[in-house]
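**Q** My structure is below; once you've seen it, I'll send some questions.
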Amino acid sequence: MVGKMVHFELPAEDTARARGFWSGVFGWSFADPGMGVEYWMTRTGDEQGGAVYPGEGGLLLYFDSEDIDATLAKVAELGGKAGDKSPIPHVGWFAHCTDTEGNTFGIFQSDESVSA
């Protein structure tokens, strides 16, 4: 479904503490997907999930797109700022954007054919 929230990122000063907090609040379990970086992932639904990782800032939401290039063009056309798309090997594409009010969000397009 286009525009559905599909992923979120929770930056944390202490990832163990953050994982403990979110596990305690919602019962989420986190796993290391073995990407070679500290990025602890959880599933919150059939097509939804998120991650805790070392970093600063706030919650970042990613919304689904069937055509990331067209969505990024629409963001820019409507006065937002669209970043360049980046690959996630064997998963898809993502890009960070900013809306007209300064809110940062992400766009994601699933595409398992994306290579490293």
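**Q** Any chance you could give the angle, 0 to 90 degrees and rounded to 10, that helix 15-26 forms with the longest Cα principal axis of the chain?
**A** Compared with the principal axis, the helix lies near 90 degrees.
**Q** With only Lys, Arg, Asp and Glu charged, each at its Cβ (+1 for the first two, -1 for the last two), find how big the charge dipole of the chain is about the Cα centre; round to the nearest 20 debye.
**A** My answer is approximately 240 debye.
**Q** Given the C-alpha centroids of region 2-21 and region 90-111, what is the distance between them in whole angstrom?
**A** So the separation of the two Cα centres works out to 15 Å.
**Q** Note the angle between two axes, namely the Cα long axis of helix 68-77 and the longest principal axis of the Cα atoms of the chain, as a number of degrees from 0 to 90, rounded to the nearest 10.
**A** Roughly 70 degrees between the two axes.
**Q** Follow-up question, since we're still on this one. How do the peptides 59-70, 28-39 rank, highest first, by the average count of neighbouring beta carbon atoms within 10 Å per residue?
**A** Ranking, from highest mean packing down: 59-70, 28-39.
**Q** While we're looking at this one, here's another question. What number comes out for the charge environment of Y39, summing +1 per Lys or Arg and -1 per Asp or Glu over other residues with Cβ under 11 Å away?
**A** -3
**Q** What is the gain in length, in nm to one decimal, between E56 and T44 on full extension, counting 0.36 nm per residue of separation less the C-alpha to C-alpha distance?
**A** 2.1 nm is the gain from fully extending E56 to T44.
**Q** Nearest 500 deg cm²/dmol is fine: what mean residue ellipticity at 222 nm does the chain get from its DSSP H runs of n ≥ 4 alone, each adding -39,500 (n - 2.57), divided by its residue count?
**A** After summing the helix terms and dividing by the residues of the chain, the value is -5500 deg cm²/dmol.
**Q** Under 15 Å between alpha carbons, and skipping anything fewer than 8 positions from K74 in its own chain: which aspartates and glutamates qualify?
**A** Once the sequence-local aspartates and glutamates are set aside, what remains near K74 is D64, E66, D84, D99.
**Q** Could you compute the net charge surrounding K4? Neighbours are other residues with a C-beta less than 12 Å from the C-beta of K4; K and R count +1, D and E count -1.
**A** -4
**Q** Kirkwood Rh, region 37-116, all Cα pairs: how many Å?
**A** This gives a value of 13.6 Å.
**Q** Also, I was wondering about something else. Relative contact order of the chain, please, whole-number percent, based on alpha carbon pairs below 8 angstrom and at least 6 residues apart.
**A** 24 percent
**Q** To one decimal place, what orientation-averaged projected area in nm² is obtained for the convex hull of the Cα set of region 1-70?
**A** Averaging across all directions leaves 5.6 nm² for the Cα convex hull.
Rule-based calculations on the coordinates, nothing more; no lab input. Just so it is clear, the model here is predicted, and its values are computed rather than measured. Backbone-built Cβ (ideal geometry, glycine too); neighbour counts: all protein chains shown.
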